[in-house]
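The values are calculated or read from the model by the stated rules, or taken from the named source; none is laboratory data. Computed from a predicted structure; not experimentally measured. Please note: Cβ atoms are built from the backbone with ideal geometry, for glycine as well, and neighbour counts cover all protein chains shown. Keep in mind that these areas ignore ligands, DNA and RNA; they rest on the heavy atoms of the full protein, side chains included. Shrake-Rupley method; radii C 1.70, N 1.55, O 1.52, S 1.80 Å.
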2 protein chains.
Amino acid sequence: MAQTRREKLRDATREEIMSTAWKQIGEVGASGLSLRGIAREMGMTAPGLYRYYKDRDALVTALLMDAFGSFTSALETGRGTRKADDHAGRFSAMCKSYFQWAVQNPQRYMLLFGTPIQGYMFAEELGPVARRSFLVLQGVIGEAYVAGKIKGELTALRLPTSLKVQYEALGKFGMPYTGTVTQLALSAWSMIHGMTSLYLYNYLSGFLQGSVDAFVDFEIEKMKKILGLE
Amino acid sequence: MAQTRREKLRDATREEIMSTAWKQIGEVGASGLSLRGIAREMGMTAPGLYRYYKDRDALVTALLMDAFGSFTSALETGRGTRKADDHAGRFSAMCKSYFQWAVQNPQRYMLLFGTPIQGYMFAEELGPVARRSFLVLQGVIGEAYVAGKIKGELTALRLPTSLKVQYEALGKFGMPYTGTVTQLALSAWSMIHGMTSLYLYNYLSGFLQGSVDAFVDFEIEKMKKILGLE
DNA sequence: TAAAATAGTAAACACTGTAAACAATTGTAA
DNA sequence: TTACAATTGTTTACAGTGTTTACTATTTTA
């Protein structure tokens, strides 16, 4: 079923609102986002925006959806630069893409993983989208795992029962891979997010100045060694 | 030199402003902090607050100073629960304290390491205070290192030259310990912060439910094994 | 006791998100 | 083509924010 002319215009306006919002966020940061500012830049008045988004939170949710999509794509693209059986390469490339995307889209990353905007409540519908991002990471580790390419001794550590039970429960809800893989993925995610987040909030640059990339690369390689990925 | 009566009252009011601010932050989150709200709760009008803090950012800076102090104390207290030569114990205890402080003071932690408030610019004077927190972590690792208790193979990885050069430059500015120690400390900080931050922003609880502590403990033990700490 | 410093208020300005009422535009059906 | 309906936008208004200015009490000091 084709889009009517009106629907096309409507979608275009929605698009323009989003891109104007991103422009604003890029300039003044996510916390400085303002409906009135968006409207002003678009040459209309603020209440008009309410025809397109229920309220400011709805717009923020749409922005988050958009950002998660871009982020996940970046991870997938990074992963895709290496052949499917080059598990170590895929892991490095994906981690590198993770960090680079964040550096190139700092405000976007902070919007996703930092303190949200004034009183914004994380929308339910974002859960699955966020999970998709994680699945890329979990997938890379999981595929390496089932291929027997993860040989780190620390991988063989026995998980405490409470975690084991928890991960098994997840499996019943359709989560792929074993508990070990999930544990490794959550661990890797924590590490990458930690570096990224500290860097974006300027806690690393005091120590590292221009050598941040070297630091991150070094730690990614270390993670690979810990996993015994080869 | 004793405090005059007026100075005592002034300090008391400053204190009351701070505690009221913390109360507000605890209730509605850091982004919901409002000068008018503070004044309201204190039974005065908003402009009166300007006699005590130059503007909202100055108050936030004071809050950050306060939070950093509390945070650093928590780390030191955790470290202090083990004897000076029990390096492995000190490391675990400090990491545990890190996470626990964050869980008990989520809004405070987010204020320190998350997206700051609407348009707030990180004040210069916070640099040294923030560094003091890091020095606790670096100290624990550094003391273990000089005592020869860090025997992990991954510790012996050769640092890329750019990092080496950078760390040596830091030494000239009075940073203690070698480049290796700084690298290990930054790495550990990234990991702990990553777990903490993901947890506070609810990205882990979906996977871990009530088993978050088990996850964190497990990863702390893993870090110890990686460091070869014993 | 007079002067100076301090603490607080009231009113105003420029912002913000949002709701209600209304006008203008566009699309559809008789 | 005309009449109606749906949609899009504006105007106005309200309640909230940080902040400045002018003014008034109060307290301390000389």
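Taking the condition farther than 21 Å from residue A:121 by Cα, modelled with pLDDT under 95 and either open to solvent by 80 Å² or more (accessible area, probe 1.4 Å) or touching a Phe, Trp or Tyr at 6+ places or on another chain (Cβ under 8 Å) (or both), does residue A:5 pass? Here the answer is yes, as residue A:5 does meet what is asked. For residue B:115, the requirement of being of a type in the set (Ser, Thr, Tyr), in contact with a helix residue (DSSP H, G or I) (Cβ under 7 Å, 6 or more places away or on another chain) and within 30 Å of residue B:59 (Cα to Cα) is met.
One line per residue, one yes/no per condition, for (1) more than 11 Å from the chain's Cα centre (by Cα); (2) modelled with pLDDT of 95 or more; (3) at the interface with chain A (Cβ under 8 Å from one of its Cβ atoms):
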residue: B:81; (1), (2), (3): yes, yes, no
residue: B:86; (1), (2), (3): yes, yes, no
residue: B:92; (1), (2), (3): yes, yes, no
residue: B:97; (1), (2), (3): no, yes, no
residue: B:102; (1), (2), (3): no, yes, no
residue: B:109; (1), (2), (3): no, yes, no
residue: B:117; (1), (2), (3): yes, no, yes
residue: B:122; (1), (2), (3): yes, no, yes
residue: B:126; (1), (2), (3): yes, no, no
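Does any residue of the stretch A:92-102 turn out to be assigned to a helix (DSSP H, G or I), open to solvent by 60 Å² or more (accessible area, probe 1.4 Å) and more than 16 Å from DNA strand C (Cβ to nearest atom)?
Quick first cut of the stretch A:92-102, residues assigned to a helix (DSSP H, G or I) only: A:92-102.
Within this subset, residues satisfying the condition of being open to solvent by 60 Å² or more (accessible area, probe 1.4 Å) are A:100.
Those still in the list that are more than 16 Å from DNA strand C (Cβ to nearest atom) too: A:100.
Checked against the condition, which is being assigned to a helix (DSSP H, G or I), open to solvent by 60 Å² or more (accessible area, probe 1.4 Å) and more than 16 Å from DNA strand C (Cβ to nearest atom), the stretch A:92-102 yields at least one hit.
Across the stretch A:42-57, the number of residues qualifying as assigned to a helix (DSSP H, G or I), more than 7 Å from DNA strand C (Cβ to nearest atom) and surrounded by fewer than 14 Cβ atoms within 10 Å (Cβ to Cβ) comes to 2.
For (1) within 26 Å of residue A:184 (Cα to Cα); (2) within 9 Å of chain A (Cβ to nearest Cβ); (3) buried (at least 21 other Cβ atoms within 10 Å of the Cβ), each residue gets a yes or a no:
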site	(1), (2), (3)
B:138	yes, no, yes
B:144	no, no, yes
B:188	yes, no, yes
B:192	yes, yes, yes
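For residue A:30, the requirement of being within 14 Å of another protein chain (Cβ to nearest Cβ) and either exposed (fewer than 14 other Cβ atoms within 10 Å of the Cβ) or within 13 Å of DNA strand C (Cβ to nearest atom) (or both) is met.
Could you say whether any residue in the stretch A:62-85 is surrounded by fewer than 19 Cβ atoms within 10 Å (Cβ to Cβ) and within 16 Å of DNA strand C (Cβ to nearest atom)? Taking every residue of the stretch A:62-85 in turn, at least one turns out to be surrounded by fewer than 19 Cβ atoms within 10 Å (Cβ to Cβ) and within 16 Å of DNA strand C (Cβ to nearest atom).
Only one residue in B:149, B:225 is within 11 Å of chain A (Cβ to nearest Cβ) and either open to solvent by 10 Å² or more (accessible area, probe 1.4 Å) or on the phi < 0 side of the Ramachandran plot (or both). Which one? Write out each step before concluding.
Working: B:149 fails: within 11 Å of chain A (Cβ to nearest Cβ).
Exactly one of B:149, B:225 is within 11 Å of chain A (Cβ to nearest Cβ) and either open to solvent by 10 Å² or more (accessible area, probe 1.4 Å) or on the phi < 0 side of the Ramachandran plot (or both), namely B:225.
Assess whether residue B:130 counts as being within 10 Å of chain A (Cβ to nearest Cβ), at negative phi and in contact with a Cys (Cβ under 8 Å, 6 or more places away or on another chain). No. Whenever a residue of the stretch A:27-56 is touching a residue at least 40 places away in the same chain (Cβ under 8 Å), its partners that are open to solvent by 30 Å² or more (accessible area, probe 1.4 Å) and in a loop (DSSP other than H, G, I, E, B), lying with C-beta atoms within less than 6 angstrom and at least six residues away or across chains, give the pairs A:31/B:118. The residues in the stretch B:205-222 that are open to solvent by less than 10 Å² (accessible area, probe 1.4 Å) and facing another protein chain (nearest Cβ under 7 Å) can be counted, and the count is 3.
For the stretch B:2-19, a residue qualifies if it is closer than 23 Å to residue B:113 by Cβ and within 15 Å of DNA strand C (Cβ to nearest atom), and exactly one does: B:18.
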